[in-house]
Ligand SMILES: [Zn+2]
């Protein structure tokens, strides 16, 4: 679970999910109110995990299968990717450049 670099409090899973679903670049710490940013390494890891979704779609297309199983599997993968985000999240006080 991500830990605030300012107050060292660990964010709860549900708070992290809610904050990560917003499109804003920074996330306000629920404990101290200071803006926190994802580290560059963490942003790379999370974009890799998001790549799982098109990968699953590709597998579904390759097998040319339109059964509800693939739709279920695709939704399941999407939910899983969102759910694991807090576990790979690392916070930073400053917005780090990706490269
Ligand atoms: Zn804090």
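Some notes on this structure:
- Qualifying residues in the range 3-14 (those that are outside any strand (DSSP E or B) and touching a strand residue (DSSP E or B) at 6+ places or on another chain (Cβ under 9 Å)) - the one nearest to residue 87 (Cα to Cα): 11
- Answer residue from the range 23-51, given it is within 16 Å of the ligand (Cβ to nearest atom) and assigned to a loop (DSSP other than H, G, I, E, B) and is surrounded by the fewest Cβ atoms within 10 Å (Cβ to Cβ) among those: 33
- Top-ranked residue in the range 6-15 [being at pLDDT 90 or above and either under 14 Å from the mean Cα position of the chain (by Cα) or more than 8 Å from the ligand (Cβ to nearest atom) (or both); ranked as surrounded by the most Cβ atoms within 10 Å (Cβ to Cβ)]: 11
- Residue check for residue 19: within 15 Å of the ligand (Cβ to nearest atom), surrounded by 14 or more Cβ atoms within 10 Å (Cβ to Cβ) and in a helix (DSSP H, G or I): yes
- Just one of (1) modelled with pLDDT under 85; (2) closer than 21 Å to residue 96 by Cα fails for residue 52. It is (2).
- Scanning the range 71-99 for residues that are surrounded by 13 or more Cβ atoms within 10 Å (Cβ to Cβ) and closer than 15 Å to residue 43 by Cβ gives 81, 84, 85, 86, 88, 89, 90, 91, 92, 95, 96.
The values are calculated or read from the model by the stated rules, or taken from the named source; none is laboratory data. These numbers come from a predicted model, not from an experiment. No Cβ is skipped: glycine too gets one built from the backbone with ideal geometry, and neighbour counts run over all protein chains shown.
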